[in-house]
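The values are calculated or read from the model by the stated rules, or taken from the named source; none is laboratory data. This is a predicted model, so every value here is computed, not measured. Cβ sites come from the backbone with ideal geometry, for glycine too, and all protein chains shown count toward neighbours.
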Amino acid sequence: MKKWISRIVTWIFAAILIVMASAVVVSKASDGEPKFFGFQMKGVLSGSMEPTFMTGSVIVIKPGGDMNRFQKGDVITFRVADDKLVTHRVVDVLKNGQNVSYVTKGDNNQKADPEPVRAENIVGQYMGITVPNLSYLLDFVRSKTGAVILMITPGVFLLGYSILSIRKAINQLESKAAN
């Protein structure tokens with residue numbers, strides 16, 4: 001029984017180390033914007049879409065596709081003039097021949113955004129998945145301190161546990177040799 005518990009604890013520490021290392025590597029490799037299976041995770045920086053999603057949450061968007069497909073009520077992420085990303089709800093669709101643009105508004109805002117969003121400025125569509133407060137953790141992971149802590153701490157625990165396991169095995173061998 002102790003042998004199985006020991007193996008389980010070892011695998012748990014190894015899994016934690018791998019998950020933490022992966023989170024740091026993915027975050028760094030994607031310039032701070034984690035991507036999984038074609039979806040992107042974006043941090044919510046303001047309260048303009050509250051209560052749909054709160055400041056500090058992480059939302060999942062699906063990038064790409066036909067950017068002329070959106071309808072009233074869809075939530076889209078788009079680039080504004082200073083290359084900043086904004087996620088707001090489509091409140092109107094403006095069609096001018098082949099050109100499509102969208103009037104957007106934050107759920108918590110009184111008025112629609114001042115400029116319609118052109119289809120080529122859209123990054124992706126909100127997929128209805130929100131993880132509250134995860135943005136704060138991701139910001140910590142992206143920091144040097146966070147990366148060091150998340151990489152080293154599980155490794156130190158795994159190393160310490162390995163040393164204890166080796167020491168226990170040596171003690172068992174010595175007691176068998178003494179008998």
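Observations, loosely collected:
- Long-range neighbours under 8 Å by Cβ, at least six apart or interchain, first residue under 25 Å from SER6 (Cβ atoms) within region 141-162, second among the aromatic types (Phe, Trp, Tyr): PRO154/PHE13; PHE157/PHE13; LEU158/PHE13; TYR161/PHE13
- Only a single criterion out of (1) under 30 Å from ILE16 (Cα atoms); (2) in contact with a Lys or Arg (Cβ under 9 Å, 6 or more places away or on another chain) is not satisfied by LYS111, namely (1).
- Cβ pairs under 6 Å, 6+ apart, first in region 56-72 and surrounded by 14 or more Cβ atoms within 10 Å (Cβ to Cβ), second among the β-branched types (Val, Ile, Thr) and in a loop (DSSP other than H, G, I, E, B): SER57/VAL44
- Qualifying residue in region 158-175 (condition: surrounded by 15 or more Cβ atoms within 10 Å (Cβ to Cβ) and modelled with pLDDT under 85): yes
- Residues satisfying the stated conditions in region 115-135, i.e. more than 19 Å from PHE70 (Cα to Cα) and at pLDDT 80 or above: THR130, VAL131, PRO132, ASN133
- Criterion (among the charged types (D, E, K, R), in contact (Cβ under 8 Å) with a residue 40 or more places away in the chain, out of contact with any strand residue (DSSP E or B) (no Cβ under 7 Å at 6 or more places or on another chain) and over 29 Å from VAL9 (Cα atoms)) met by exactly one of GLU115, GLU120: GLU120
- Screening TYR102 on (1) of a type outside the set (D, E, K, R); (2) touching a Ser or Thr at 6+ places or on another chain (Cβ under 8 Å); (3) surrounded by 15 or more Cβ atoms within 10 Å (Cβ to Cβ) shows it passes everything except condition (2).
- Any hit, region 129-142, residues being more than 18 Å from VAL44 (Cβ to Cβ) and surrounded by 12 or more Cβ atoms within 10 Å (Cβ to Cβ): no
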